[in-house]
Each structure stands twice: as structure tokens, then as C-alpha cells.
Protein chains: 2
Amino acid sequence: MDKTVSKITDSEVEIMRVLWKAGCELPIADIRKSLKESSEWEDSTIKTLLRRLCEKGVVSAAKKEVFYYKPLISETEYNEYTTQNLIDRLYSGSAKNLVASLLGSKKLNRNDIEELRTLFKVGDRDE
Amino acid sequence: MDKTVSKITDSEVEIMRVLWKAGCELPIADIRKSLKESSEWEDSTIKTLLRRLCEKGVVSAAKKEVFYYKPLISETEYNEYTTQNLIDRLYSGSAKNLVASLLGSKKLNRNDIEELRTLFKVGDRDE
DNA sequence: ATTTATAGGTTACAGGTGTAAACTAAATAT
DNA sequence: ATATTTAGTTTACACCTGTAACCTATAAAT
């Protein structure tokens, strides 16, 4: 996964979410239907976004009767890559700094901390 | 602090960093000098970026002999806002989810976890 | 006094982004 | 067979971003 990922724009991510949620390749009709509920985009807009995603190499289009679109990166990969990018830019590359900042700004409440403590134990074990 | 903050671009953040580091308002000459070490920007580029930051309302310019530029948001505010934005977009608004993901992707090593455990205790106490 | 450097203002321009219309071809409905 | 819908392709266009030139006025240097 290369830097292309960080260049997926907000609008394009909307399309990716549809594909990620589906978990399988989709024809454009299904993508349109899925988006109808959450957006007001014209068909041509959706097509433009799909085209750009293909150009960026993060979606593939396979011609059957019609094209079927499939994400080439997973949502998790995208999230992790984007997060690392933030960590590099704002927290000197240290995930620990980020977590410390979350604590400092009270973004984690007592409950969160309890649950994370448990996770920390697991993490400790299998490293 | 409004959404303007999330629209500070990469180049603009470079300028903000100079102002944040200085901790006081600076005339353009000092900004230029500070940037000379880390960038190849022409003077006019720096001026354009300062102008855009002023237009976005995140930097003020006060005319004395020459203009003095001052950030209207702090680096911490910026970092926290940007981080919250990421959390909202990628982690359903849950900072805990983000931390859990960092653990899952091994971005935190045993040492980090030890240090965070200590912080967690402090956080617990003063909440 | 004249050259040189700098500040401030205006303008530029290519590439990216959000959003979409227009056109063509094929499929479906009547 | 004709009208309507949809898929795919091409083109558009305004705004944003990165980067900078140009112009004018003033200040500093010689």
C-alpha cells in the first residue's frame, strides 16, 4: 500500500465505504442504490468518483455484463494508514504520544480506560 | 474553534509551526529566516500562505512598522481538533476504538504500554 | 542621489476536488 | 417498433492548493 491511499478524498471515501460494507464486488446500480439513502449525488458524480478511484488504483473494475467494482485495499488498511499518517504529522511518529494526548484532553473516560487496561494485558501476552 | 481549522493545508501548517514554535508574534522577515532552513519557498510563496491563513481567520496580522503575525489557535488545539476529526471519521467517534486499533496493529510496544499504564493511573485519579 | 533589498499587494497558473451535464449505446418496458 | 432507462465515456467548470512572478513603495547601503 503506497501513498495513493492518503490521497483518497472525502467524497471518494464515501464510495469506498459502500464497497467495504458490501464485502463483495458491486455493479454500479447497487452502489447507486446504497448511496441514494445517504447522499444526493447524481449518477454522473458517482461515476466520476469511481473512475478516479480506479485511476488511483484502489478500486478495480471487472467487466461482466456490466462493470463490477471491488476495493483493492481494506477499510482496516485504510484506517491504519491514515492514522499512522496523523501520528507522523502531529505526534512525532509516536502512537504513545497520541494516546497520552487523548488522556490529556479527556477523550478517554474511566470506562474506556478500564476496557483498555484489559486489552493491554492481552497485548502484553502475545507480543 | 470552528471547521476552518480542519481546512488548514499542509503548506499552511508549516507556517503555523513556525509561529507556534516562536510563541510570540513575528514579522515576516523572521518567518522567512526560520523557514529558510527547512524549505525552499520563495518569499512570495510565504506571503501567499500567510495571506490565506489570515483569510481563514487562524492568523492575525497587526501593523506596526511592518506586519506582525500571530496564530489565533494553539498547536495543541490544532492537534486535538485534527485528531478528533480523524476519530469521528474513522473510529465512530470513539477514542477508545482508536487506541484499540493501535494495539491491534502493534503500534504500541511493551514499553509504550507500560508508560501508558502509569498515565492511566494518574488519569483515573484526577477525573 | 542611486542602487539594492525588502514589504505589501495583485495576479497567475497547473493540478486536484466536488459536482455534474451531454452524448452514445444497450437494455427494458410498452 | 418505439420510448424510457441505465451504463459507460467525455467534457466541464468553479473552487482549492502549491507555488510563484510581477509591481510598487519604502528603507538601507554605497
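Rule-based calculations on the coordinates, nothing more; no lab input. Not measured: the values here are computed from a predicted model. Note: ideal-geometry Cβ built from the backbone for every residue, glycine included; neighbour counts use all protein chains shown.
Less than 14 Å Cβ to Cβ from A:Leu49, Lys/Arg counted +1 and Asp/Glu -1: what total charge do the surrounding residues give? Spelling it out: positives minus negatives among the neighbours equals 0. Report the FRET efficiency, 1/(1 + (r/R0)^6), for B:Lys106 and B:Glu37, where r is their Cβ-Cβ distance and R0 is 45 Å, rounded to 0.05. E between B:Lys106 and B:Glu37, to the nearest 0.05, is 0.80. Summary value for chain B: 23 percent relative contact order, contacts being C-alpha pairs under 8 angstrom separated by 6+ residues. Between A:Ile28 and B:Asn85, the simple label model (points 7 Å from Cα in the Cβ direction) yields a spacing of 3.2 nm.
In plain terms, if you count all Cα to Cα distances in the protein assembly as shown and split them into 10 Å steps from zero, the share in each step is 6, 24, 25, 25, 16, 4, 0, 0 percent.
Annotation: the residues A:Cys24, A:Cys54, sorted from fewest to most other C-beta atoms within 10 Å of their own C-beta, follow the order A:Cys24, A:Cys54.
When +1 charges are put on Lys and Arg Cβ atoms and -1 charges on Asp and Glu Cβ atoms, the dipole computed for the protein assembly as shown relative to its Cα centre reaches about 160 debye.
Between rounded, prolate and oblate, where does the stretch B:1-74 land on the alpha carbon gyration tensor, with a ≥ b ≥ c its root eigenvalues, rounded for a/c under 1.5, else prolate if a/b exceeds b/c? If you can, show how the numbers build up before the last one.
Working: a/c = 1.56, a/b = 1.20, b/c = 1.30.
Oblate shape, in that a/c is at least 1.5 and b/c is the bigger or equal ratio.
Determine the sum of side-chain charges near A:Phe67: Lys and Arg each +1, Asp and Glu each -1, restricted to other residues whose C-beta is under 12 angstrom from that of A:Phe67. Spelling it out: positives minus negatives among the neighbours equals +2.
For the options A:Leu35, A:Leu26, A:Leu90, a Gaussian network treatment of chain A with springs between C-alpha atoms closer than 10 Å singles out A:Leu90 as fluctuating the most. Annotation note: GluC sites (Glu not before Pro) in the stretch A:1-73 located in DSSP loop regions with a Cβ neighbour count of at most 10 within 10 Å are A:Glu37, A:Glu40, A:Glu42, A:Glu65. Given +1 at the Cβ of Lys and Arg, -1 at the Cβ of Asp and Glu and no other charges, the dipole of chain A around its Cα centre is 120 debye to the nearest 20.
So, counting K/R as plus one and D/E as minus one, what does the shell of residues with Cβ under 11 Å around B:Glu25 add up to? Walk me through the intermediate numbers first.
Numbers: positive: B:Lys64, B:Lys70; negative: B:Asp30.
Local charge sum for B:Glu25: +1.
Between B:Leu119 and A:Trp20, what FRET efficiency comes out of the Förster formula 1/(1 + (r/R0)^6) with R0 = 22 Å and r the beta carbon distance, rounded to 0.05? The partial results should precede the final answer.
Details: r = 33 Å, r/R0 = 1.52.
Calculated value: 0.10.
Here the residues B:Asp43, B:Asp30, ranked from fewest to most Cβ neighbours within 10 Å of their Cβ, fall in the order B:Asp43, B:Asp30.
A crude spin-label estimate for the pair B:Asn97 and A:Ser44, with each label 7 Å from Cα along the Cβ direction, gives 3.5 nm.
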